[in-house]
Amino acid sequence: MSKPRLSKEEWAERSAAKVAAAQATLAESVSTLVTGEDWMAYLAFQARLHCYSPNNVMLIASQHAQAFVEGRVADPVPSFVAGFNTWKALGRSVDKGQRGYAVLAPLTGHRRTAADEDGHIRPLGPKEAPRPGETEERRMALYGFKVEHVFEVGQTSGRPVPDVPRPKLLVGEAPEGLGVAVMALIESRGFTVDTVPDAGAINGANGQTNWGSRSVVVRADMDDAAMVKTLIHEAAHCLLHADPPGFYLPRPLKEVEAESVAFVVAAAHGMPTDDYTFPYVAGWAAGDDPAKAIQATQARVGKAARLIIEASPAPHDPGGKVPGAAAAVEAARQARLDQAAAIDPVEAGVGV
């Protein structure tokens, strides 16, 4: 028996209910970030899933933890995550009885606006034309979210997942090329980078960012790994706190964010993170709405960490994306087009 067709309004209601449920799960997950250890555990997930938004990292981590408790996955920490069709394209199938993890996907579209010579901008209606002296502009806009579902590799079976190259680091060693890439990223933001002989030259710190002179200095008497971690910390300051609104954040929060970025980038590159510590969450997520403060910090940390990881030429964790997924999906799409063309070349848009 076929399922009853839903009206447009019923589809909208069902979609809104799914989004509300996902947002409730997200809010509950954020509320569990109570201690510095909780925050560090979240950052470890962020490092493993850095290709995903902070909100979706929380959603995936929460649902994966439940799947682990229920015995549906063997590993308590998620690794590769993809949609049903992507796994299919990679030669794997979702195991019977597995449930997908709900994630929030943005709904975007073009929004038409009209701008006059004085810079005033107003929205345009669907069929409205700009007035004399106005110029029409089209901008991408976020209209809301929808719920999609992804599956962790432990919920699938089939063709082996390609191995990911990982750096084999000696004690005190940083991945080759990471430090140079971070330095270049700092310089691209208009800062100079230099070293000082020891901590005494910078008030006992390992590194320092000077907003007035737009300069970054790092101690030269540390091992390679410590110097690179410090450089990443200072790069986070340059990315997040050089200009408003980040410039006006409280100093303790700036340090939490910079150290969090360094943790995520280091973990993604296989560098030890045992020496990282974070203050009690309530201490820096102050105010009437600590959950909102935490989510804002998550967003800033995730964005800066992604920028640094994307700039790195060193082998690093793929961030939850399966290696070769894009190529496999494209190959599957092309195969469907070729099949359609063989059946009906005219309908497939192929000349005869």
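In loop segments of region 149-256 as defined by DSSP, the chymotrypsin sites (Phe, Trp or Tyr not before Pro) with at most 15 further C-beta atoms inside 10 Å of their C-beta are TRP211. Between ASP243 and ALA16, residue separation times 0.36 nm minus the direct Cα-Cα distance comes to 78.1 nm.
Pairs from the list LYS96/LYS303; LYS88/LYS127; LYS229/LYS292 with a Cα-Cα gap above 31 Å: LYS96/LYS303; LYS88/LYS127. The C-alpha atoms of the chain define a longest principal axis, and helix 224-240 lies at about 60 degrees to it. Of the GluC sites (Glu not before Pro) found in region 114-223, those that fall in a DSSP loop while having at most 16 other beta-carbon atoms within 10 Å are GLU117, GLU128, GLU173, GLU176. A Gaussian network model of the chain, with springs between Cα atoms under 10 Å, assigns the largest mean-square fluctuation among GLY320, GLY83, GLY200 to GLY200. Seen from a random direction on average, the alpha-carbon convex hull of the chain projects onto 26.0 square nanometres. Counting neighbouring Cβ atoms within 10 Å and putting the fewest first, the residues ASP194, ASP116, ASP274 line up as ASP274, ASP194, ASP116. Among VAL161, VAL103, a tally of other beta-carbon atoms within 10 Å of each Cβ gives an order, fewest to most, of VAL161, VAL103. Our estimate of slack between ILE343 and ALA65, defined as 0.36 nm per intervening residue step minus the Cα-Cα distance, is 95.5 nm. Evaluated at q = 0.14, 0.21 Å⁻¹, the base-10 log of the normalised Debye intensity for region 168-322, with identical point scatterers placed on the Cα atoms, takes the values -0.68, -1.47.
The chymotrypsin sites (Phe, Trp or Tyr not before Pro) of region 262-305 that DSSP puts in a loop, and whose beta carbon has at most 13 other beta carbons within 10 Å, are TYR280. In this Cβ point-charge picture (+1 for Lys and Arg, -1 for Asp and Glu), the chain has a dipole of about 1340 debye about its Cα centre.
Taking other Cβ atoms within 10 Å as a rough exposure proxy, LYS254, LYS168, LYS229 sort from fewest to most as LYS168, LYS254, LYS229.
Normalised Debye scattering of region 9-159 at q = 0.15 Å⁻¹ gives log10 I(q)/I(0) of -0.86, counting only Cα atoms as equal scatterers and leaving out solvent.
Secondary-structure-derived ellipticity at 222 nm for the chain, considering helices only, amounts to -14000 deg cm²/dmol, per-run term -39500 (n - 2.57) for DSSP H runs with n ≥ 4.
Coordinate-derived values only; no laboratory data. Note that this is a predicted model, so its numbers are computed, not measured. No Cβ is skipped: glycine too gets one built from the backbone with ideal geometry, and neighbour counts run over all protein chains shown.
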